[in-house]
1. Which of LYS54, LYS75, LYS40 comes first, and how do the rest follow, when ranked by fewest Cβ neighbours within 10 Å?
2. At 0.36 nm per residue, minus the direct Cα-Cα distance, what do GLU61 and GLU119 gain on full extension? Give it in nm, one decimal, please.
3. What's the extension gain from ALA49 to VAL32 if we count 0.36 nm per residue and subtract their Cα-Cα distance?
4. If you plug each phi of segment 45-58 into the Karplus form 6.51 cos²θ - 1.76 cosθ + 1.60 with θ = phi - 60°, what whole-Hz ³J(HN,Hα) values come out, in order, with x for Gly and Pro?
5. So how do PHE83, PHE9 line up by other beta-carbon neighbours within 10 Å, fewest first?
Amino acid sequence: MPSIGVINFYQEPGGPGVRVDSGVYEGAEISVYYDPMIAKLITYGQNRAQAIDKMIRALSEYRIGGVTSNIDFHKQILAHPEFVAGHLSTDFINTHYRPSETAPETLIQAMALAVALSEHESRSNLKPTTFIKNQSSKWKSAGRIPVPNKVMDRGWK
């Protein structure tokens, strides 16, 4: 399960047929208030088998430190015979992946995160929806550029 925290090491994979769409960097903070998806890894090849092989290699080369990623989970899916054969459906994960197969350490981390978030919410008296409704987005604030009066005086918009 992905986690929150500060990324203290980040190295993307590369090479022919490998693309990464990401906006994170070393020192970036993954907050509880934003989507925990930090990157999209895309591979392509002459056929499905080649694309899967490139994805497995790229996932093995990906290095993310300071936060927990779901790279190992994706490797498990890519190695599953039904995935390799292209037998997919919207319930693929529910059908073929058993949470009990995950490492106990991962489950303990997920439970600890849930307890910490619950405790934080109860102490701060803020609910995530309250925070989002009452506070301006940092992205919006950063993107706003004041319009000089000269521009407005000339009738420009």
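1. The fewest-first ordering by Cβ neighbours comes to LYS40, LYS75, LYS54.
2. The GLU61-GLU119 span can extend by a further 17.3 nm.
3. Here the segment from ALA49 to VAL32 would lengthen by 2.5 nm.
4. x, 5, 8, 4, 4, 5, 5, 5, 4, 5, 5, 4, 4, 5
5. So the ranking, lowest neighbour count to highest, is PHE9, PHE83.
Rule-based calculations on the coordinates, nothing more; no lab input. What you are looking at is a predicted structure, and each value in this text was computed from that prediction instead of being measured. For neighbour counting, all protein chains shown are included, and Cβ atoms are generated from backbone atoms with ideal geometry for every residue, glycine included.
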